[in-house]
Amino acid sequence: MYERISNERSYNYGKTFINQLFNKKMENLNASPKLTFGEAVKACFKKYATFKGRARRSEYWWFWVITMIPSCLLSALTNWKMGVATSLQAQAYEAAFDQTKYDALMKQAESCDAIFFPCAIILGIVMLALLLPSLAVAVRRLHDIGKSGKIILLCLIPLVNFVIAILLFVWALKDSDPKENQYGPSPKYSAEA
């Protein structure tokens, strides 16, 4: 019984210590509720090419999810159809001496190409349409944690871009700066009146 009481005391003491340590700088601040999926996507498209200001963590990650879903689905469909067409063409070349089999396989490969090219074009259009808002929300997210948006340009440098991408991922996981910074007021925390 003594062990259980002492464990509860040490747990409560640790919990109190952690609360005091992390809540000290946010004593007079209230966190607004997290953005829902719809609110975050709406906010990103509303600020389609706005690189000024700050973006909350939920806004960034929900928009990241909404951009990855169509991109991954269209990429998978495009790659699958391209693989099927390539496989059929290889089989057709192996069967080059049998004209009927060759013609049938090439016709199937052409039907796969008929699906592949529109999917590839749609994928390109979707990626171009989502490029600007994705960059804008990433820059605003960096502003939210007090970093310059110009850091994203470092991703253009070969061999360094992998390290920068990891840093950007870690920074995107960080919580908002609770107070106003050079990029504007915190979208998450507001001072108590």
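The values are calculated or read from the model by the stated rules, or taken from the named source; none is laboratory data. What you are looking at is a predicted structure, and each value in this text was computed from that prediction instead of being measured. Quick reminder, even Gly has a Cβ in these numbers, built from the backbone with ideal geometry, and neighbours come from all protein chains shown. What goes into the accessible areas is simple: the full protein's heavy atoms, side chains included, and nothing from ligands, DNA or RNA. Shrake-Rupley method; radii C 1.70, N 1.55, O 1.52, S 1.80 Å.
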Filtering the stretch 92-123 for residues that are more than 19 Å from Cys72 (Cα to Cα) and open to solvent by 70 Å² or more (accessible area, probe 1.4 Å) leaves a count of 11
Verdict on Leu132 being in contact (Cβ under 8 Å) with a residue 40 or more places away in the chain, in a helix (DSSP H, G or I) and surrounded by fewer than 14 Cβ atoms within 10 Å (Cβ to Cβ): yes
Give just the number: which of (1) touching a helix residue (DSSP H, G or I) at 6+ places or on another chain (Cβ under 9 Å); (2) in contact (Cβ under 8 Å) with a residue 24 or more places away in the chain does Ile151 not satisfy? (2)
Which of the residues belonging to the stretch 50-83 are farther than 30 Å from Met106 by Cα, of a type in the set (D, E, K, R), in a helix (DSSP H, G or I) and touching a helix residue (DSSP H, G or I) at 6+ places or on another chain (Cβ under 6 Å)? Glu59
Given (1) of a type in the set (S, T, N, Q); (2) modelled with pLDDT under 80; (3) surrounded by 13 or more Cβ atoms within 10 Å (Cβ to Cβ), Asn79 misses just (2)
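Yes or no, residue by residue, for (1) closer than 23 Å to Lys42 by Cβ; (2) in a helix (DSSP H, G or I); (3) among the hydrophobic types (A, V, I, L, M, F, W, C); (4) under 18 Å from the mean Cα position of the chain (by Cα):
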{"position": "Leu88", "(1), (2), (3), (4)": "no, yes, yes, no"}
{"position": "Pro118", "(1), (2), (3), (4)": "no, yes, no, no"}
{"position": "Arg140", "(1), (2), (3), (4)": "yes, yes, no, yes"}
{"position": "Leu167", "(1), (2), (3), (4)": "no, yes, yes, yes"}
Counting just the residues of the stretch 25-48 that are of a type in the set (A, V, I, L, M, F, W, C) and open to solvent by 80 Å² or more (accessible area, probe 1.4 Å), which one comes out modelled with the lowest pLDDT? Phe37
